[in-house]
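Colleague: This structure is in structure tokens; I'll ask about it shortly.
The values are calculated or read from the model by the stated rules, or taken from the named source; none is laboratory data. Bear in mind the structure is a predicted one, so any value in this text is a computation, not a measurement. Cβ: placed from backbone, ideal geometry, glycine included. Neighbour counts: every protein chain shown.
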Amino acid sequence: MIETRERRKVWAPQPGPQTAAAVCPCDITLFGGTRGGGKSDCLLGRQNAGAQQYRSHWNGLIIRRKYKDFTELRRRIDEMITEGLPAERIGGENQVNYIRFHNGGRYILAAVMRSAMLTDFVGQQFTEIAIEEGTTLPFFYQAVDRLSGSLRSPHGVPCRMFVTGNPGGPGHAQVKEMLVDPAPPGRVFRNSAGQTCVFIRSTLADNRILCRNDPDYVRRLQAIRDPALREAWLEGNWDIFLGQAFAFMRRYHVVEPIEIPQGAPLYFSFDWGHSRPFSVGWWWVDNDNRLYRFDEWYGWDGTPEKGLRLTDSQIAEGIIERERKLGIDTRAITRFCGHDCFARRPDYFGQGLGPSTAEVFARHGLVMQPGDATREQKIRQFRERLRVDFAKNGADLAQRPMLVVYSNCTQFIRTIPAIPVDEQNAEDVDTDSEDHIYDETCHVCMARQLKIRTEPVPCTQSVGAWFRRARG
């Protein structure tokens, strides 16, 4: 509950999920589900209540992908201030905003468009970090990891992270895997770091104020023509994927390492990089034409989109050494790379054009073939291999998709779920994203093509029952 000095109530959570989320003491809380569930008000309520309770010892942070996305939060904050919240909003419409309370508490509204911008918060300390609409961040994993380092208080204020979000968006798969899949809604669990986490599901039906004041809102959601979008926004179905390019989920697509069968065909895929990362993948294929990524080498320095700047010879030598350690150096391996590897490159010492990457690799005994780079075909093959038929498989991990990766392939697991679709073309990925592993993987997918299934993925609708609950 937020009150002014005259003890006049400005905001109080509604009974049900919003109240549970407003006072939840878990280290990481996800509050979300359907559109209109009261998530943003709850997020602001936590920040405002913390500032009133802990006064100058409270320093909160709210982040979103783009600053323009704060428009509604700014409007709501201004409304609360008009109604008596003892604070002021400082900053224009195109910069960081500071909400400063008369008692010295404050919180910040800041946009984080790229993962590299997360370093802006290194060395700072916040009592509560809120990620508004976490599913819009294609780098959600990195956001949680890096921002957690700034959650601290020298004054003993409890420090927590609060996330809101609905199904859909480039960060959907990451939010789902981290906070939705591990336990049923409302059940607290501990992550690998020992932090307490919980997913509190909100629905429009729980937002009685909105349902009462705008009863046609549910009808507008129901009228959405796209069935996947309607299912995600109206039902809060986390098995619907919107916004990110690929439906990648650890429970279906990641396996623990197993021994490579002696007779299995082996493949090697490569995407060149120098100032940006290069990517190497090793694969074997089973009798069902299923691809297994059993190892990888990602040429980065630990910072997204920053490469190791190795020469082609150094990369070739690294590949040979790794294959020796894997015990596959004496086996036949079919090797694919991009067409750019067959073009002559500038000499590393500034002496004109040198040999192509393929030529340098061949000198080391690594004979490469050009992969099929047809963009509209390769994304279809990649999606087909990742496809999971939920209606038939459910949680049965014995029926795996046609592409799986060993758990040691951490960079595949990190980057593939974060790749968003091109905003101008839903049948391509955003090429400004970290798509190097995707590009090299597609060489193998195109070499071992599957028949593309065109039947629609079934989805279960229960809109009628939901609508009756919302109206009741």
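Colleague: In the stretch 345-397, which helices (runs of 4 or more DSSP H) lie fully inside it and hold 1 or more residues that are farther than 22 Å from Asn289 by Cβ and modelled with pLDDT under 90?
Modeller: Helices (runs of 4 or more DSSP H) meeting the threshold: 375-386, 390-393.
Colleague: Can I ask one more? Here are some conditions: (1) modelled with pLDDT under 90; (2) surrounded by fewer than 20 Cβ atoms within 10 Å (Cβ to Cβ); (3) of a type in the set (A, V, I, L, M, F, W, C). Cys159 meets all but one. Which one does it not meet?
Modeller: It fails just one condition, (1).
Colleague: Restricting to the stretch 101-121, and then to whatever is in a loop (DSSP other than H, G, I, E, B) and among the small types (Gly, Ala, Ser), can you tell me which residue is farthest from Pro170 (Cα to Cα)?
Modeller: Gly104
Colleague: Among the residues of the stretch 248-273 satisfying the criterion of being β-branched (Val, Ile, Thr) and assigned to a strand (DSSP E or B), which is farthest from Arg345 (Cα to Cα)?
Modeller: Restricting to residues being β-branched (Val, Ile, Thr) and assigned to a strand (DSSP E or B), the top hit is Val255.
Colleague: Could you grab the pairs with beta carbons closer than 7 Å, sequence gap of 6+ or different chains, first residue in the stretch 331-343 and in contact (Cβ under 8 Å) with a residue 24 or more places away in the chain, second one among the β-branched types (Val, Ile, Thr)?
Modeller: If the second residue must be among the β-branched types (Val, Ile, Thr), the pairs left are Arg335/Val367; Phe336/Val444; Cys341/Thr357.
Colleague: Another question, then. Scanning the stretch 407-430 for residues that are surrounded by fewer than 17 Cβ atoms within 10 Å (Cβ to Cβ) and of a type in the set (Gly, Ala, Ser), which turns out nearest to Ile379 (Cα to Cα)?
Modeller: Ala426
Colleague: Then there is this: As an exercise: evaluate Phe246 against (1) modelled with pLDDT of 95 or more; (2) among the aromatic types (Phe, Trp, Tyr); (3) within 30 Å of Ala183 (Cβ to Cβ); (4) in contact with a Lys or Arg (Cβ under 8 Å, 6 or more places away or on another chain) and give the number of the one condition it does not meet.
Modeller: Answer for Phe246: the failing condition is (1).
Colleague: If only one of Asp27, Asp41 is within 19 Å of Ala143 (Cβ to Cβ), of a type in the set (D, E, K, R), in the same structural domain as Val157 (by TED's automatic domain parsing) and under 24 Å from the mean Cα position of the chain (by Cα), which one is it?
Modeller: Sole residue among the options that is within 19 Å of Ala143 (Cβ to Cβ), of a type in the set (D, E, K, R), in the same structural domain as Val157 (by TED's automatic domain parsing) and under 24 Å from the mean Cα position of the chain (by Cα): Asp27.
Colleague: Tell me which residues, restricted to the stretch 321-347, are surrounded by 13 or more Cβ atoms within 10 Å (Cβ to Cβ) and β-branched (Val, Ile, Thr).
Modeller: Across the stretch 321-347, the qualifying residues are Ile328, Ile333, Thr334.
Colleague: Looking at the stretch 56-84, which of its residues are more than 15 Å from Ala130 (Cβ to Cβ), part of a loop (DSSP other than H, G, I, E, B) and either among the small types (Gly, Ala, Ser) or at pLDDT 95 or above (or both)?
Modeller: Residue satisfying the conditions is Gly84 alone.
Colleague: Can you give me the number of residues within the stretch 31-79 that are small (Gly, Ala, Ser) and closer than 21 Å to His102 by Cα?
Modeller: So the count comes out to 6.
Colleague: What's the number of the condition Ala228 fails, among (1) out of contact with any Ser or Thr (no Cβ under 9 Å at 6 or more places or on another chain); (2) at pLDDT 90 or above; (3) of a type in the set (Gly, Ala, Ser)?
Modeller: (2) is the only condition that Ala228 fails.
Colleague: Turning to a different aspect of this structure: Just to be sure, is Gln124 part of a loop (DSSP other than H, G, I, E, B), surrounded by 13 or more Cβ atoms within 10 Å (Cβ to Cβ) and either at pLDDT 90 or above or not polar (S, T, N, Q) (or both)?
Modeller: Considered against the rule, which asks whether it is part of a loop (DSSP other than H, G, I, E, B), surrounded by 13 or more Cβ atoms within 10 Å (Cβ to Cβ) and either at pLDDT 90 or above or not polar (S, T, N, Q) (or both), Gln124 comes out as yes.
Colleague: Then there's this: Taking Ser153 as meeting all but one of (1) in a loop (DSSP other than H, G, I, E, B); (2) under 16 Å from Gly60 (Cβ atoms); (3) touching a helix residue (DSSP H, G or I) at 6+ places or on another chain (Cβ under 6 Å), write down the number of the exception.
Modeller: In the conditions (1) in a loop (DSSP other than H, G, I, E, B); (2) under 16 Å from Gly60 (Cβ atoms); (3) touching a helix residue (DSSP H, G or I) at 6+ places or on another chain (Cβ under 6 Å), Ser153 misses (3) alone.
Colleague: Moving on to the next point. Need pairs with beta-carbon distance below 6 Å; first residue closer than 17 Å to Ser269 by Cβ and within the stretch 405-426, second modelled with pLDDT under 90 and in a loop (DSSP other than H, G, I, E, B); sequence gap 6+ or separate chains.
Modeller: As it stands, the answer is Thr415/Glu434; Ile416/Phe246; Ile416/Phe248; Ile419/Ala245; Ile419/Ser433, since those pairs meet every condition given.
Colleague: With respect to Ile315, determine if the residue is out of contact with any Lys or Arg (no Cβ under 8 Å at 6 or more places or on another chain) and surrounded by fewer than 16 Cβ atoms within 10 Å (Cβ to Cβ).
Modeller: no
Colleague: Taking the stated definitions as given, is Gly354 under 36 Å from the mean Cα position of the chain (by Cα) and of a type in the set (Gly, Ala, Ser)?
Modeller: Spelling it out, it is not the case that Gly354 is under 36 Å from the mean Cα position of the chain (by Cα) and of a type in the set (Gly, Ala, Ser).
Colleague: Kindly establish whether Phe294 is within 23 Å of Asp340 (Cβ to Cβ) and assigned by TED's automatic domain parsing to the domain that holds Leu403. Step through it out loud before you land on a result.
Modeller: Numbers: within 23 Å of Asp340 (Cβ to Cβ): no; assigned by TED's automatic domain parsing to the domain that holds Leu403: yes.
The answer is no for Phe294.
Colleague: When the stretch 294-330 is examined, which residues are found to be more than 16 Å from Phe278 (Cβ to Cβ) and either in contact (Cβ under 8 Å) with a residue 60 or more places away in the chain or touching a helix residue (DSSP H, G or I) at 6+ places or on another chain (Cβ under 6 Å) (or both)?
Modeller: Phe294, Ile328, Asp329
Colleague: How many residues does the stretch 145-195 hold that are over 12 Å from Trp238 (Cα atoms), touching a strand residue (DSSP E or B) at 6+ places or on another chain (Cβ under 7 Å) and of a type in the set (A, V, I, L, M)?
Modeller: Total satisfying the criteria: 6.
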